[in-house]
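So the structure is just underneath, and the comments pick up after that.
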Amino acid sequence: MVTLMEDQFDITQLGELVPKNKKILFFCIGTPKSKGDAIGPLVGSYLKRNGCKVYGTIKNPITALNIESKITYVKKKYPNHFIIAIDATIWIGTNEQMKDKVLVEKTPIYAGAGVGKEISPIGDLSIKAVTVVAKKGVTNEQIIAALNEKPLEEVIIIKNLIAKECLKFISTYKKKNELKDYITNIVKKYRVSF
C-alpha cells in the first residue's frame, strides 16, 4: 500500500504496475447523492470528459444498487483491460491524520466493506480517498451521516487531485508505450540491435 499526502500524490510512479500495452479502464464507485461518497463519480465524469474509458460518472453512477451487475458486465466485456477502481473509503480508527489521504494499492476495491456490505472485488489497482475517519464501533447510520456532512470543498479538492494525477498517468503510460512501439518498429525495419 502507498499512502500519499496531497503534495506527494504522483500516480505516474506506479506505471510499472500496469502491464505494457494494456488498455486502461476506470471503474469509479459512489453516489453523487452523498458528498463524502461522490469522489468516484466526480473523478469518473472528469476522466470521461477527457477521453478515458470510464464506468461510473455523475450521470451514470455505480452505487450499491447496481454495482454487482456493473462488475459482472465490465469483467465480461473488458477481460483484457487493466482496471483502476476509484472510491471513497472510511478509515476505522483514531488516526485523524488519515482524513483526506489518498491510498493507492495494487489490490482490488471491496466496495461497501466500510458499512458491512459484501460486494465482489473490482480492480487491478485501487485508488481510495479517505473521506471519513470513524472510531471503531460507530453505526452505519453514523458513517452515512458523516459522509453526507463532508464539506463539498474538501471533496472537490480530492477529486481534482485524483483526476489530474490519473490523466497525467495515462499520458505518461501512452508515451512510454508509444516509445516502446517506435523503437520496436525501428529495430524490425532496419534490423538494428541494441
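Key figures
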{"quantity": "Options Thr31, Thr57: the member that is open to solvent by less than 60 Å² (accessible area, probe 1.4 Å), modelled with pLDDT of 95 or more and part of a loop (DSSP other than H, G, I, E, B)", "calculated": "Thr57"}
{"quantity": "When residues of region 64-121 are limited to those that are acidic (Asp, Glu) and out of contact with any Lys or Arg (no Cβ under 6 Å at 6 or more places or on another chain), the one least open to solvent (accessible area, probe 1.4 Å)", "calculated": "Glu105"}
{"quantity": "Residue list for region 107-136, restricted to those being modelled with pLDDT of 85 or more and either over 24 Å from Cys166 (Cα atoms) or not in a strand (DSSP E or B) (or both)", "calculated": "Thr107, Pro108, Tyr110, Ser120, Pro121, Gly123, Asp124"}
{"quantity": "Region 23-50, residues that are within 13 Å of Thr131 (Cβ to Cβ) and among the basic types (Lys, Arg)", "calculated": "Lys35"}
{"quantity": "Residue within region 68-77 that is aliphatic (A, V, I, L, M), part of a strand (DSSP E or B) and touching a His at 6+ places or on another chain (Cβ under 9 Å) present", "calculated": "no"}
{"quantity": "Candidates Lys164, Lys174, filtered to the one that is at pLDDT 80 or above, out of contact with any Asp or Glu (no Cβ under 7 Å at 6 or more places or on another chain) and open to solvent by 30 Å² or more (accessible area, probe 1.4 Å)", "calculated": "Lys164"}
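The values are calculated or read from the model by the stated rules, or taken from the named source; none is laboratory data. This structure is a prediction, so every number in the text was calculated from the model and none was measured. Cβ: placed from backbone, ideal geometry, glycine included. Neighbour counts: every protein chain shown. Quick note on the areas: whole protein, heavy atoms, side chains included, nothing else; ligands and nucleic acids left out. Shrake-Rupley method; radii C 1.70, N 1.55, O 1.52, S 1.80 Å.
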